[in-house]
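Reviewing the structure listed below.
The values are calculated or read from the model by the stated rules, or taken from the named source; none is laboratory data. Since this is a predicted model, take the numbers as computed values, not measurements. Cβ placement follows ideal geometry from the backbone for every residue including glycine, while neighbour counts extend to all protein chains displayed.
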């Protein structure tokens with residue numbers, strides 16, 4: 001990879017997993033999904049920034065109510081993500097191309113319309129929402145074949161260097177090459 005020392009040639013990346021059954025997931029499948037390892041962080045950002053709102057604190061005061069409020073955000077995120085996945089499958093596109101923030105706005109707009117939830121209009125409303133969130137002019141660009149320098153925006157307690165204006169995303173014309181190596185654990189005496 002061009003953002004790594006020596007273009008990443010000869011670099012060994014070890015993936016440690018609890019999945020030991022090749023029937024569940026092959027080594028090749030696990031290696032191919034490695035580039036999606038930050039999806040979890042993206043989900044955290046979606047909950048904190050777009051669902052809850054930036055800078056807002058939880059309203060609840062007791063631990064049980066805080067837990068309930070967090071579960072509410074997690075369930076809402078799951079519902080929006082499931083809607084995105086359904087829409088992507090119907091449209092034949094990668095779910096990452098559908099904008100989470102736009103989907104939340106569309107759903108909020110529809111939730112404010114009581115007529116949208118009547119049994120007679122349910123199918124039509126669903127079709128309109130799916131079409132709205134998959135409009136070609138509102139999709140994220142395809143971004144999988146890219147790398148970014150391993151940097152942080154602000155220096156805290158991280159070993160990564162601080163981001164500079166020259167640190168930009170590098171787009172590649174094809175996916176990375178994956179060579180699998182069987183690394184066996186050292187025998188214990």
(message) Against the definition (part of a helix (DSSP H, G or I), at pLDDT below 80 and within 15 Å of the chain's Cα centre (by Cα)), how does residue 34 come out, yes or no?
(response) yes
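Take the conditions assigned to a helix (DSSP H, G or I), out of contact with any helix residue (DSSP H, G or I) (no Cβ under 6 Å at 6 or more places or on another chain) and at pLDDT 80 or above and apply them to residue 57. Does it pass?
Values: assigned to a helix (DSSP H, G or I): no; out of contact with any helix residue (DSSP H, G or I) (no Cβ under 6 Å at 6 or more places or on another chain): yes; at pLDDT 80 or above: yes.
No: the conditions fail for residue 57.
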(request) Would you check if residue 90 is farther than 30 Å from residue 60 by Cα, surrounded by fewer than 15 Cβ atoms within 10 Å (Cβ to Cβ) and modelled with pLDDT under 90? (result) no
(message) Condition check: touching a helix residue (DSSP H, G or I) at 6+ places or on another chain (Cβ under 7 Å), in a helix (DSSP H, G or I) and at pLDDT 80 or above. Does residue 102 satisfy that?
(response) yes
(request) Show the residue pairs that are 6+ apart or on different chains and have beta-carbon atoms under 6 Å apart, the first residue being within region 67-79 and surrounded by 13 or more Cβ atoms within 10 Å (Cβ to Cβ), the second being in a helix (DSSP H, G or I). (result) 73/47; 73/51; 76/51; 77/47
(message) Need pairs with beta-carbon distance below 6 Å; first residue farther than 23 Å from residue 106 by Cβ and within region 44-66, second not in a helix (DSSP H, G or I); sequence gap 6+ or separate chains.
(response) 66/58; 66/60
